[in-house]
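A.B. asks: Dumping the structure here so I can ask a few things about it.
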Amino acid sequence: MMKNKKIGTSILAFLLAAATAAAGAQPVLAADLGTVTDNVPAIVAASASVSVIDASGDLEAAYAEWGAVSNATGYNVYIKPAGGSYTQLDTMLVRQYPDRFRADAVGLKAGSYTMKIVPVINGKEDASKAAETAGLQVEAHDRSGFGFVEGTSSGAYNEDGTLKADAIVVYVTDANKDTVTASIDSTGKGATDVTGVQNIITAYKKNKEKRPLCLRFIGNITDPADMPKGDLMIDTAKAGITVEGIGTDTVFNGFGLVMKNCSNVEVRNIGFMNCNSSEGDDCGLQQGNDHIWVHNCDFFYGDAGSDADQVKGDGALDTKTSTYVTHSYNHFWDNGKCNLQGMKTEKETNYVTYHHNWYDHSDSRHPRIRTCSVHSYNNYFDGNAKYGIGVTKGASAFAENNYFRNCKNPMMSSGQGTDALGEGTFSGETGGIIKACGNYIEGASSYIPYSQNSTSFDAYEVSSPSEKVPDSVKTVSGGTGYNNFDTDSSIMYSYKADAAADVPTIVTAKAGRVQGGDLQWKFDNSVDDTSYAVNQALKDALVNYKSSIVAIGSGFTDSTTDPVVTTEETKTTTVTTTVSVSKDTTATALTTATTKNTTPTTPDVPVAGDIFCSPAGTGSGSSEKDPASVTDAISKLSAGHTIYLLGGTYKFSEMILIDAQNSGTANAMKTIKPYNGADVVFDFSGQGDADGSKRGIVLDGDYWHFYDFEITKAADNGMLLSGNNNKIERMVFNDNQDTGLQLSRYNTSAATIADWPSNNLILNCTSKNNCDNASMENADGFAAKLTCGEGNVFDGCMAYNNSDDGWDLFAKSATGPIGVVTIQNCIAFRNGFTEFGEGYGNCDGNGFKLGGSGIGSAHILKNCLAFENLHCGFTDNNNPKLGSLTNCTAVNNNGEGKGKPNFSCYRCTDPGAIFENMMSYYDDSVFMSDAKLKGGASNDKYVGTYENGVYYNSGYYQVDAKTAITNGAKIGTKLSAAPAASDFITMAKAPEQGTDFDAVWRNADGSLNPGGLYETADSSSYKTMGYHMYNGSIVVPPTTTTSTSSEQQTTTTTTTAVQPTETTTGSETSAKTSETSAQPTETAVKTSETSAQPTETTAAPATSDTADTTEHSTATTPVSSGDSNTETTQTTASEVTSQSLYGDVNLDGKVDITDAVLLNKAVAGVVTLNASQQKNADCMADGELSTNDSTVLLQFLVRIVTSLPVTE
């Protein structure tokens, strides 16, 4: 489970955050109330019964939030596992905030749980006003690394995450830190009361008390009265201690935590800030420790020290003369010095692991290692101004599957390699050896592997973790070698490293405190990647940090007054952040991963008739605790219901057939999807060797919606889609033995085009590494071929590293023409070979293959990119009736170097294809690194009309006006020079093979965004040419679906305008569509009327800001009239996006609190909205997003305003 990082879970939280957001980068704090709330009523008015605002499972924890209940003075909160009974939470785990209540249950082992909140009124529970949450999925912490070798570092907890039975639990708040009392046997003569948090810890020093200690801190903790040298000190404690924060907002503010001579200590979920102790470290392992685990903490600036390199404080998390240590899933926020690993008297037997840490614009020491043996894996180095991993004094470090993004010097050894190019970084200490395997490095200033310089190098690279570093590899300074600790089974532990390409997604979702903590900061990569100065705005936010907790454990009220507005004295102005709706100004790095929120914005809400499944399910499927098998669920699911897949790998040895009789309806589709965003894989490896009769799934039914899981290792197609009106969305088809997803008939009795699969939408899917080993000539990414009907659309899909083509629209004379296929907003690259080295020869290897056998269909391509395919980027493949290619880009195809051009569309002679806004380009300097590929330019070939584009024919030619073109003709103006790199947003090498492009090249909504790679820049004279996806607002002309009769070869064209579009009311029942050269008939597509929540208020559909003559209508009553039979009509782009609706920011068809939270994040700069979301979010209809839109949406939700947009 990935944590859903969010600012807050109530409308108040997002308003508060928006009020304090400022352009550039500002904090988002639930504690920083700002001035935007001055005239806004309280969000959660006291209600008659408990209303759950938010609830979720987390890592060995779960939480629930709810609104106040009238006359309630307290709340008893209970939790139970699936199939178990309720247990009451300690009252100290319940807190009141200005706008909500919250309870956090901790010490949970992995599984499904339910929480129940019961109000206490007049001193008694009122069960009639209680509420339960839906099922909450709890996942175990990752207990990996040296901290769990020859012992444990789980402190007061068991290895399954539950609290040890005899543990002493102490709740510490800022109010009771010096008065809290615990009964402890500090002398061996019996337990006595000990007062004050430091004294309680010190009572463990003599190791007479054998019961473990769990210190649970709540809220903003400032300096306790009694602290050695200004820090909390854990000294010589061996019984097992856990120091943990509760919820999202526990901080140690002004002091640090020090451990020495301790064993079995766990520190988790603490935010460290403003440390001003004499030691100066946020958290320090001083000496003599073993089995320490520091994880899921946030490390912020400390106070400036006396040295020049201490302006951000001293060390964030330093470890000295300690062994068997794990530091994992921590978030370092622009720290100057993160991790000093070792003093000058270390031993190589001091074993330490760093994994899944987020070094977020921090400067150095990630870590700096002296002598010790360190394993660093799956860490995210995110814009680091100085260096990443540094080794000195004979240290041995294994750097594995880390992700370095704009880390200046990723790996350094003292006195050699990169360090020798300057004045030296490590005070003249002798060097150490770094063994490197599987790391991803992007944007480095210098990195020198052993393969480039075998004397003075940064790291020795190996091809697999088991490979040893030879004894002959020595440091320049000191002459030491690598001790190969990581290949010694008597030393090393069992673990599973994630792929480097997945690291940004995993780490940004899981690192740091619960839900990412209550302080969120968005760094400006253009500045902060290279700057190691103090970020003054962040520093100010930390200095002025305050807690928003009203009460802990008791003293609750049902007050509905507004929270007090806090104005910090250091602030003299109130800043409003304004985001342009027309253009996304936030640049996305080429390989920046989009975090997948596995807990959706709106949790799934099962209803009666839905079915739960699990990998080993055999039950009825009526609940999570009694899941069914997938095959049983498919056979039983009724229309309008959903199969919810619990997380895991589902293994199959036989094909799954959904036959034609098993169908949904137009108004009640059948859906299969992961439950609450769980990770799900359908693994068909049990089918064995390639076998054409064994697809993974055959979908012969109609009106099914497959959503967001992976299909892999089928003996033939991953999926054969042979039904009609289905939606296949966010699916991944990986490593199948034929095409990943193919549209063709299943039953051979389907003899005519009318019987073949039609009107299917394949949306935001990925197909990769599909390979038929026998011929290498059949396994495409996607195929709509041989027997495929009309109206099928691929939108936002990506096909790469398939052994044959990316897309294959092949037809043959025996069956005749297939229906017209539309492919838009898609990318095809590196087809003709797989990531595993298969292919490179007897295959077609094209990006988009658009026909075959001289059989014609007028296929349509729009806004597509093809690059580094083995053969052609786009080819008609002898399709005489190819329709049109618009805004398409092809770069560096012809990978095999055998004269296959970017565009090979010269046999489309009947009557000739339409080519508009095209870009063809070659640049050897950015061609992929692969010894089997030669690359090189080859002449483009076209037949038809060509308008506004650049093509290659022994030089580059530019065509402006529509001009007829024949094969080999040189039309237009020959350019004196090729387009320059500056004409493109990004002209660089694409990420290497092995990258999970589905993770790094998709926006949060699943749409594609390759970071401007090969996309023409706005500043270029070629800006209207080629594909455009960079801003997340893909502009696509109206979707034109062309129906071709196989007998008469006649063509009928209908046009559907892309959302958002004008909504008409009254007698206007046809929607406006954009004009095309063919003057198609305008067609209205009816959609159901959408009423915003609450039901008494209504939001108007959002309209395109490019339609100057469109009038914005505001609906306050239903639009449809029973007398006149007039209905709201709206055109859609093949259901690519939700109906446009003011306030519906997350595009789920309704307006509710989740939209308010998302809008707040956008205004704060934490997330970027796509074009449709921006239009819906513009609740003031003024063309920009600001805190005003947040306020208006809030007022709409609490019924102060009754319609959106508000234009005054």
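A.B. asks: Tell me, what ³J(HN,Hα) does each residue in region 216-229 have, in order and in whole Hz, if you take phi through Karplus 6.51 cos²θ - 1.76 cosθ + 1.60 with θ = phi - 60° and put x for Gly and Pro?
C.D. replies: In residue order, the calculated couplings are 10, 8, 10, x, 8, 9, 9, 3, x, 5, 10, 9, x, 6 Hz.
A.B. asks: Tell me which lysines have Cα within less than 27 Å of LYS670's Cα, excluding those fewer than 8 residues away on the same chain?
C.D. replies: Those lysines meeting the cut-off are LYS596, LYS625, LYS636, LYS651, LYS694, LYS713, LYS727, LYS768, LYS785, LYS1086, LYS1150.
A.B. asks: Something else now. Can you give the FRET efficiency to the nearest 0.05 for VAL543 and ASN207, using r as the Cβ-Cβ distance and R₀ = 60 Å? Write down the numbers at each step before the final one.
C.D. replies: On the way: r = 39 Å, r/R0 = 0.65.
Plugging the Cβ-Cβ distance into 1/(1 + (r/R0)^6) gives 0.95.
A.B. asks: Filter the cross-link list LYS496/LYS522; LYS206/LYS312; LYS337/LYS510; LYS849/LYS1175; LYS164/LYS496; LYS206/LYS347 down to pairs whose alpha-carbon distance in this structure exceeds 24 Å.
C.D. replies: LYS496/LYS522; LYS206/LYS312; LYS849/LYS1175; LYS164/LYS496; LYS206/LYS347
A.B. asks: Taking one equal scatterer on every alpha-carbon of region 143-273, how large is log10 of I(q)/I(0) by Debye at q = 0.17 1/Å?
C.D. replies: Here log10 of I(q) over I(0) equals -0.88.
A.B. asks: Enter the per residue convex hull volume of region 150-200, computed from alpha-carbon coordinates, in Å³ rounded to the nearest integer. All intermediate terms of the calculation are to be shown ahead of the outcome.
C.D. replies: On the way: hull volume 5.8 nm³, N = 51.
So the per-residue Cα hull volume is 114 Å³.
A.B. asks: Under a point spin-label approximation (7 Å from Cα along Cα-to-Cβ), what is the ASP1018-LYS625 distance to one decimal in nm?
C.D. replies: Label at ASP1018, label at LYS625, 5.6 nm between them.
A.B. asks: Hey, any idea what the orientation-averaged projected area of the convex hull of region 226-276's Cα atoms comes to, in nm²?
C.D. replies: If you wrap the Cα atoms of region 226-276 in a convex hull and average its projections, you get 3.7 nm².
A.B. asks: Follow-up question, since we're still on this one. Note the full-extension length gain between GLU423 and ALA225 as 0.36 nm times their separation in residues minus their Cα-Cα distance, in nm to one decimal. Before the final figure, lay out each step's value.
C.D. replies: Details: separation 198, 0.36 × 198 = 71.28 nm, distance 4.49 nm.
Once the chain is fully extended between GLU423 and ALA225, it gains 66.8 nm.
A.B. asks: Then there is this: Order by neighbour count: SER1203, SER445, fewest other Cβ atoms within 10 Å first, most last.
C.D. replies: Ascending Cβ contact count within 10 Å gives the list SER445, SER1203.
A.B. asks: Can I ask one more? Starting from the Cα of ALA774, move 7 Å in the Cα-to-Cβ direction to define the label point; list residues of region 800-818 whose amide nitrogen is under 17 Å from there.
C.D. replies: 803-804
A.B. asks: Which of the peptides 904-916, 821-833 is most tightly packed, and how do the rest follow, judged by the mean count of other Cβ atoms within 10 Å per residue?
C.D. replies: The most tightly packed comes first, giving 821-833, 904-916.
A.B. asks: Just order 69-77, 793-801, 807-815, 547-555 by mean Cβ neighbour count inside 10 Å, highest at the front, would you?
C.D. replies: Final packing ranking: 793-801, 807-815, 69-77, 547-555.
A.B. asks: Using 0.36 nm times the number of residues separating GLU654 and ALA175, minus their current alpha carbon distance, what extension gain do you get?
C.D. replies: Stretched out fully, the GLU654 to ALA175 stretch lengthens by 166.2 nm.
A.B. asks: Oh, and also: Normalised by the number of residues in region 146-514, what is the relative contact order in percent for Cα pairs under 8 Å and 6+ residues apart?
C.D. replies: Result for region 146-514 is 11 percent.
A.B. asks: Starting from the Cα of GLU159, step 7 Å along the direction of its Cβ; do the same at SER982; then give the gap between the two resulting points in nm.
C.D. replies: Taking the simple label geometry, GLU159 and SER982 are separated by 6.2 nm.
A.B. asks: Could I ask something else about it? How large is ³J(HN,Hα) for each residue in region 978-986, as worked out from phi by the Karplus curve 6.51 cos²θ - 1.76 cosθ + 1.60 (θ = phi - 60°), to whole Hz, x for Gly and Pro?
C.D. replies: Here the 3J(HN,Hα) series is 5, x, 8, 4, 5, 6, 10, 4, 9 Hz.
A.B. asks: Still on this structure, please answer the following. Out of all Cα-Cα pairs in region 646-686, roughly what percent, to the nearest whole number, are more than 14 Å apart? Could the numbers behind the result be given before it?
C.D. replies: Numbers: 513 of 820 pairs.
Considering region 646-686, 63 percent of its Cα-Cα pairs are separated by more than 14 Å.
A.B. asks: Report the full-extension gain for the segment SER463 to LEU975: residue separation times 0.36 nm, less the Cα-Cα distance, to one decimal in nm.
C.D. replies: That works out to 179.8 nm of additional length.
A.B. asks: On average, how much area does the Cα convex hull of region 862-987 cover when viewed from any direction, in nm²?
C.D. replies: Over all viewing directions, region 862-987 projects a mean Cα-hull area of 7.2 nm².
A.B. asks: From the backbone phi of region 1013-1022, what are the Karplus-calculated ³J(HN,Hα) couplings (6.51 cos²θ - 1.76 cosθ + 1.60, θ = phi - 60°) in whole Hz, Gly and Pro given as x?
C.D. replies: 4, 6, 9, 5, 8, 4, 7, 8, 5, 9
A.B. asks: Could you check the spin-label model distance between THR195 and VAL52? Points 7 Å from the Cα along Cα→Cβ, value in nm.
C.D. replies: In this crude label model, THR195 to VAL52 measures out at 4.2 nm.
A.B. asks: Quick one: which residues, 5+ away or cross-chain, put their amide H under 5 Å from the amide H of ALA61? H built at 1.01 Å from N.
C.D. replies: Those lying under 5 Å, H to H, from ALA61 are LEU108, GLU139.
A.B. asks: Compute the projected area of the convex hull of the Cα atoms of region 146-514, averaged over all viewing directions, and report it in nm² to one decimal place.
C.D. replies: Directional mean of the projected Cα hull area for region 146-514 stands at 17.0 nm².
Values quoted throughout were computed directly from the atomic coordinates according to the rules given, and no laboratory measurement underlies them. In this text, all values refer to a predicted model and were calculated from it rather than measured experimentally. Cβ: placed from backbone, ideal geometry, glycine included. Neighbour counts: every protein chain shown.
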